[in-house]
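Encoded as C-alpha cells, the structure appears first; notes follow it.
The values are calculated or read from the model by the stated rules, or taken from the named source; none is laboratory data. These numbers come from a predicted model, not from an experiment. Ideal geometry is used to build each Cβ from the backbone, glycine not excepted, and the neighbour counts take in all protein chains shown.
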Amino acid sequence: MALSFFQMLAVVLMGVQLGVSYAHFMQIPGKLSLPIDCYILVQNQVISYKVKLAFIEIPSFVSAILATVLIRRQQKSFWLTLVGLVCMILMLVVWAVFIQPINQQIDNWTPLTAPSNWSTLRYQWHFYHLLRLAIASLGMVALTSSLLVDKAKSRL
C-alpha cells in the first residue's frame, strides 16, 4: 500500500513539474518579443515562482526516493523509478547551476541597468528551461512506466 502511494505521488508531482516546464516552453514566443522593460516586469513579477516550487520539488524527491527503496526487489520497476528520481535530481541541478544564477541577475535589472547582453541571457534562460522540459518528460515516462511494467507482466 505504501509503495503504491509513493509511486503515485511521485508520478503526480513529476507531472506538476512537467507542467511548469511546459508552461515555460509555451511562453517562449511571447517573451522573446518583449522589449527589456516589459521582459523584466514579466520575469520578476508576473511569473515569479521563487520558493513556491520547493513545495512541489521536495515532496517529489521524497516520494521518489521512498518508492525507489520500496520497489527495489522488482527489477524493471526499480530501474524505471530510479531513472525518474535521477531526472528529478538533474532538473534541480540544471536549475541551481544554470537558471538560478540568471534569475538572480534579472532580479537586479532595471531597464537602465540591464546588461548589453540581456537578450543572450534570456535565450540561455529559455534553453535551460527547454532542457528541464526534456528531462521532466523522460522522468514522467519512466515513472509512469514503473507503475505499469510489473502489472503488465502479471497479466500475461
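Selection over the stretch 109-125 of residues that are surrounded by fewer than 18 Cβ atoms within 10 Å (Cβ to Cβ) and under 20 Å from the mean Cα position of the chain (by Cα) gives a count of 3.
For the stretch 71-100, a residue qualifies if it is more than 17 Å from ALA142 (Cα to Cα) and either in contact (Cβ under 8 Å) with a residue 24 or more places away in the chain or surrounded by 14 or more Cβ atoms within 10 Å (Cβ to Cβ) (or both), and the qualifying residues are LEU92, VAL94, TRP95, PHE98, ILE99. Just a yes or no: is a residue in the stretch 43-50 over 16 Å from the mean Cα position of the chain (by Cα), without any contact (Cβ under 8 Å) to a residue 24 or more places away in the chain and in a helix (DSSP H, G or I)? Scanning the stretch 43-50 turns up at least one residue that is over 16 Å from the mean Cα position of the chain (by Cα), without any contact (Cβ under 8 Å) to a residue 24 or more places away in the chain and in a helix (DSSP H, G or I). Within the span defined as the stretch 17-35, every residue fails to be surrounded by fewer than 16 Cβ atoms within 10 Å (Cβ to Cβ), part of a helix (DSSP H, G or I) and either touching an Asp or Glu at 6+ places or on another chain (Cβ under 9 Å) or charged (D, E, K, R) (or both).
Does the stretch 70-83 hold any residues that are closer than 11 Å to GLN7 by Cα and more than 22 Å from the chain's Cα centre (by Cα), and which are they? The answer is LEU70, ILE71. Determine if the stretch 98-108 includes at least one residue that is under 27 Å from VAL42 (Cβ atoms) and not in a helix (DSSP H, G or I). Scanning the stretch 98-108, I find at least one residue that is under 27 Å from VAL42 (Cβ atoms) and not in a helix (DSSP H, G or I), so the answer is yes. For VAL93, the conditions (1) among the β-branched types (Val, Ile, Thr); (2) part of a loop (DSSP other than H, G, I, E, B); (3) out of contact with any helix residue (DSSP H, G or I) (no Cβ under 9 Å at 6 or more places or on another chain) all hold with the exception of (2).
Just one residue in the set LEU92, LEU53, LEU32, LEU82 is under 22 Å from ALA134 (Cβ atoms) and either modelled with pLDDT of 95 or more or in contact with a strand residue (DSSP E or B) (Cβ under 7 Å, 6 or more places away or on another chain) (or both); that residue is LEU82.
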